[in-house]
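To start, the structure under review is shown below, and the notes come after it.
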Amino acid sequence: MLVENLKMFIERDPELTAVYLILGKIIGAVLFFPGTPLTLLAGATLGVFWGSVVSLIGNTIGATAAFFVSRYFLKDYVTTTLYKKYPKIEKYEYRFFNHGLITVILLRLIPLFPFNALNYLLGVTSVTAREYIIGTAIGIIPGTIAFVYFGNAIGMLSPFHIVISILAIVGLTYVGKYYEKNMEKKRNHTT
């Protein structure tokens with residue numbers, strides 16, 4: 001019954017559904033709630049194209065809001081709490097200062113840190129707001145599309161598309177880890 005009511009609401013007002021999903025993603029990012037369920041829901045309800053557009057908008061705005069909350073209101077908390085949990089972020093500080101945009105793009109492509117933790121962690125680094133926003137908007141595109149596609153595949157109950165989307169997500173993870181491992185080797189070789 002709940003699924004049928006939700007389906008009727010979405011079919012009747014897909015624009016309002018999109019607005020709710022965007023707001024949910026923004027609020028979720030700031031409050032540290034996982035955004036993946038809403039990304040999957042966007043794919044299942046709005047399709048791959050519009051689900052991706054809605055998710056990218058919500059994720060980018062939410063990540064930006066969390067970045068500014070961290071930078072201007074929670075800097076001490078983030079530094080003492082999240083930095084301890086993710087000390088690896090400190091090794092990127094030189095790259096944030098000298099190559100902020102590309103570093104943010106790569107961190108968004110490489111799932112080394114959870115999305116919401118990275119929003120707050122980057123708020124206390126030397127990366128500029130401009131580099132952060134642009135880098136986030138670009139870097140989250142492949143992963144967002146893969147998860148939206150997965151949500152769409154689940155909504156269609158298509159085993160073939162579910163397998164393809166899982167392979168895409170796993171592929172992104174391995175490509176990112178491979179790239180990071182090579183960057184680490186280069187960094188160790190030059191020092």
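Starting from residues that are crowded, with 21+ Cβ neighbours inside 10 Å and either closer than 14 Å to Thr125 by Cα or aromatic (Phe, Trp, Tyr) (or both), keep the ones in segment 49-77 and report whichever is modelled with the lowest pLDDT. Going through the qualifying residues, I end up with Ser70. Residue count for segment 18-66, restricted to those that are charged (D, E, K, R) and closer than 13 Å to Tyr149 by Cα: 0. Count of segment 99-121 residues, restricted to those that are in contact with a Gly (Cβ under 9 Å, 6 or more places away or on another chain), in contact (Cβ under 8 Å) with a residue 40 or more places away in the chain, within 20 Å of Val30 (Cα to Cα) and surrounded by 19 or more Cβ atoms within 10 Å (Cβ to Cβ), is 3.
If you go through segment 71-109 and keep only what is over 15 Å from Thr128 (Cα atoms) and of a type in the set (Val, Ile, Thr), you end up with Val78, Thr79, Thr80, Thr81, Ile89.
Restricting attention to segment 80-98, report how many residues are in contact (Cβ under 8 Å) with a residue 12 or more places away in the chain and closer than 29 Å to Leu23 by Cβ.
4
If you go through segment 124-134 and keep only what is crowded, with 23+ Cβ neighbours inside 10 Å and assigned to a helix (DSSP H, G or I), you end up with just Tyr132. Can you find a residue that is among the aromatic types (Phe, Trp, Tyr), modelled with pLDDT of 85 or more and either part of a helix (DSSP H, G or I) or crowded, with 21+ Cβ neighbours inside 10 Å (or both) anywhere in segment 23-34? Among the residues of segment 23-34, not one is among the aromatic types (Phe, Trp, Tyr), modelled with pLDDT of 85 or more and either part of a helix (DSSP H, G or I) or crowded, with 21+ Cβ neighbours inside 10 Å (or both), which makes the answer no.
The values are calculated or read from the model by the stated rules, or taken from the named source; none is laboratory data. Source: prediction; values computed, not measured. Glycine gets a Cβ as well: all are built from the backbone with ideal geometry, and neighbour counts include every protein chain shown.
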